[in-house]
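Here's the structure, in structure tokens; my notes come after.
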Amino acid sequence: MLERSDNGNTFPILAVVTGIVVLWYLAAVWMNAPWAYDQAQRANTALSLTQLLGSTMVQERPVLPAPHQVAAELWDTIVNKPITSKRSLVYHAWITLSATLLGFALGTTFGVLLAVLIVHNVAADKSLMPWIIATQTIPILAIAPMIIVVLNAIGISGLLPKALISTYLSFFPVAVGMVKGLRSPEPTFLDLMRTYNASGLQTFWKLKWPSALPYLFISMKVAVAISLVGAIVWPAPITARPSRSGPRCSWRQPSSPFSSGWSASFTASLNVGWGGRHERRMAILRHRFLAGGLGDE
Amino acid sequence: MLAPDTQTTSVVSAKGLSLTYRTHQGHVHALSNIDLDIGSHEFVSFIGPSGCGKTTFLRVIADLEAPTSGTISVNGMTPKEAREARAYGYVFQAPALYPWRTVEKNIALPLEIMGYPREERQERIGRLLDLVDLAGFGKKFPWQLSGGMQQRASIARALVFDADLLLMDEPFGALDEIVRDHLNEQLLKLWERTGKTICFVTHSIPEAVYLSTKIVVMSPRPGRVTDIIISPLPKERPLDIRETPEFLAVAHRIRQGLRAGHSYEE
């Protein structure tokens, strides 16, 4: 199907990346300049433009690290540290990634089950939606420590509480998307099933579920991004409260200024890439469905 | 009116059938006192303007709508029992093929639901694809087919489980005239080969006259039958028959029936 392995994307991607790097350098100079000037003032010296450019590139605690500083740090934390060390970026990335993925998987499953219930049960339909929306209005920064502390108190600790925060955030887009998706088949398709005297289960698997898949993949894209936010945000409000396990150990996570941000970007791009492949197939199918039509000419 | 014919059994029998929708604008009499008998092996066309109840009548036969009064029996059973016994195949105006399934799999859909074993499914699908001239297109997806081909696939799907009654709701309405002529011919040949009873809803007077053994002329507000015409045309019908005087006489009678039902007025 694809005639070129890169799909004709190489040049545009390179162009965009180059543009971003250039803008980044400019922004680094602009944002690190105040501190550089401040330092020069304290030493009672003046800064020429070349000196300014030079000093903004090598600051130890810059406002915006320059690309080469980030690259050096990445190299250091990925390659120079053993993977199991707490200073390794790979280790930190895995902590965030594992919580994200588990939370996302649980959230998707729960969201799908909830949607199936809402679509097939009138009482559930009328009562559940307001509650589901209400859960999303509670700030995650308030909920997250509560979940962790409560679960630790009953002995559940480690990966699961962190994953559950991601679950809490990610089930909502999946549930909402799936409800729409399961209700998307048009009346003619449903009538067709009726003429075959198909059972509810047959109608579900042969009609409603396939119709809902495009909506599911779109929702999953949103859910994975939100799930990542949940996995990153949760350690923030937790104070150094000693406890047997998870929270204390992982509180030391953000050990370098770059690691959380970069592990976030890394896992996000991984997830979007993986989800994107799947979604591409469904997107093609969806496009054909809408463009090819049902024979209306 | 219809002369009693002891040779054919009654496939659809309606007496005093009425269907009224209650809307906030008042009552809509979609069907009003329909008395009709359809015997086996007949090709019956329902013709009339929009709102005359022809599609509604078809849907009542299919148990997709419920009448508000009167009786109707399909194959001697209630429409619900007939639907549960899978006594008919329904062809909609849009082909209604599932876009995520190939043509083969679409035709297989009723067979999967009804629990036919795989070998029999394969055999039936092959036979039906040949019957509607779509051999070799089984592995294609619906969007890869033209409108006429999609509709043929839809007809194949309606025939695949050997129901004796075929209900068709303006199946060629969305197609251009040339494709329509071709499909009309094919449908007639199919009818002769399979001997099914066909109820065919259409807007087109020439189509109704060309295809049917019996034509039911309907009018709106309230939906009722204004005329039932037994076609004098012979069984062998090349497309040229549409220029013969007998054909035009039947078409003229249909127009008279439509005029009597005030179909040509606002």
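The values are calculated or read from the model by the stated rules, or taken from the named source; none is laboratory data. Everything numeric here is computed off the predicted structure, so don't read it as measured data. Here the Cβ positions follow ideal geometry from the backbone for every residue, glycine too, while neighbour counts run over all protein chains shown.
Results, tabulated for the structure shown:
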read-out: Residue list for the stretch A:97-115, restricted to those being more than 15 Å from A:K221 (Cα to Cα), among the small types (G, A, S) and either surrounded by fewer than 20 Cβ atoms within 10 Å (Cβ to Cβ) or modelled with pLDDT of 90 or more (or both); value: A:S98, A:A115
read-out: Of all residues in the stretch B:92-104 being more than 10 Å from chain A (Cβ to nearest Cβ) and surrounded by fewer than 22 Cβ atoms within 10 Å (Cβ to Cβ), the one that is nearest to B:M168 (Cα to Cα); value: B:E104
read-out: Among (1) touching a strand residue (DSSP E or B) at 6+ places or on another chain (Cβ under 8 Å); (2) closer than 29 Å to B:E185 by Cα; (3) within 14 Å of chain A (Cβ to nearest Cβ) - the single one B:L36 does not satisfy; value: (3)
read-out: The stretch A:194-213: number of residues that are buried (at least 21 other Cβ atoms within 10 Å of the Cβ) and more than 8 Å from chain B (Cβ to nearest Cβ); value: 2
read-out: Identity of the residue in the stretch B:249-262, over 14 Å from B:I215 (Cβ atoms) and not charged (D, E, K, R), that ends up modelled with the lowest pLDDT; value: B:H262
read-out: Test result for A:A212, in a loop (DSSP other than H, G, I, E, B), within 30 Å of B:A85 (Cα to Cα), in the same structural domain as A:T135 (by TED's automatic domain parsing) and at pLDDT 60 or above; value: no
read-out: Residue tally, condition more than 8 Å from chain A (Cβ to nearest Cβ) and surrounded by fewer than 19 Cβ atoms within 10 Å (Cβ to Cβ), over the stretch B:71-84; value: 7
read-out: Residues that are surrounded by fewer than 17 Cβ atoms within 10 Å (Cβ to Cβ) and either more than 15 Å from the chain's Cα centre (by Cα) or aliphatic (A, V, I, L, M) (or both), drawn from the stretch B:169-178; value: B:D176, B:E177, B:I178
read-out: Boolean, B:K105 is in contact with a Ser or Thr (Cβ under 7 Å, 6 or more places away or on another chain), charged (D, E, K, R) and not assigned by TED's automatic domain parsing to the domain that holds B:H29; value: no
read-out: Only one of B:A174, B:A156, B:A208 that is out of contact with any Lys or Arg (no Cβ under 9 Å at 6 or more places or on another chain) and outside the structural domain of B:L17 (by TED's automatic domain parsing); value: B:A156
read-out: Condition check for A:G181: of a type in the set (G, A, S) and within 14 Å of another protein chain (Cβ to nearest Cβ); value: yes
read-out: Matching residues, the stretch B:123-145, being loosely packed, with under 15 Cβ neighbours inside 10 Å and in a helix (DSSP H, G or I); value: B:E123, B:G126, B:R127, B:D130, B:Q144
read-out: Filter pass, A:V122 being touching a Phe, Trp or Tyr at 6+ places or on another chain (Cβ under 9 Å), within 30 Å of A:W209 (Cβ to Cβ) and in the same structural domain as A:K180 (by TED's automatic domain parsing); value: no
read-out: The listed residue being of a type outside the set (A, V, I, L, M), without any contact (Cβ under 8 Å) to a residue 40 or more places away in the chain and closer than 30 Å to A:F217 by Cβ, out of A:W35, A:W94, A:W30, A:W75; value: A:W94
read-out: Pick from the stretch B:192-228, criterion aliphatic (A, V, I, L, M) and surrounded by fewer than 19 Cβ atoms within 10 Å (Cβ to Cβ), ranking: nearest to the chain's Cα centre (by Cα); value: B:I205
read-out: Any hit, the stretch B:228-237, residues being closer than 30 Å to B:T20 by Cβ and without any contact (Cβ under 8 Å) to a residue 40 or more places away in the chain; value: yes
read-out: B:F141 closer than 26 Å to B:Y21 by Cα, among the aromatic types (F, W, Y) and at the interface with chain A (Cβ under 10 Å from one of its Cβ atoms); value: no
read-out: Count - residues of the stretch B:164-177 that are of a type outside the set (F, W, Y) and either part of a strand (DSSP E or B) or modelled with pLDDT of 90 or more (or both); value: 8
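Here is a yes/no grid of residues against (1) modelled with pLDDT of 95 or more; (2) in contact with a Ser or Thr (Cβ under 6 Å, 6 or more places away or on another chain); (3) assigned to a helix (DSSP H, G or I); (4) within 14 Å of chain B (Cβ to nearest Cβ):
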site: A:W131; (1), (2), (3), (4): no, no, yes, no
site: A:A134; (1), (2), (3), (4): no, no, yes, no
site: A:A142; (1), (2), (3), (4): no, no, yes, no
site: A:I147; (1), (2), (3), (4): no, no, yes, no
site: A:A163; (1), (2), (3), (4): no, no, yes, no
site: A:T167; (1), (2), (3), (4): no, no, yes, no
site: A:P173; (1), (2), (3), (4): no, yes, yes, no
site: A:I218; (1), (2), (3), (4): no, no, yes, no
site: A:I238; (1), (2), (3), (4): no, no, no, no
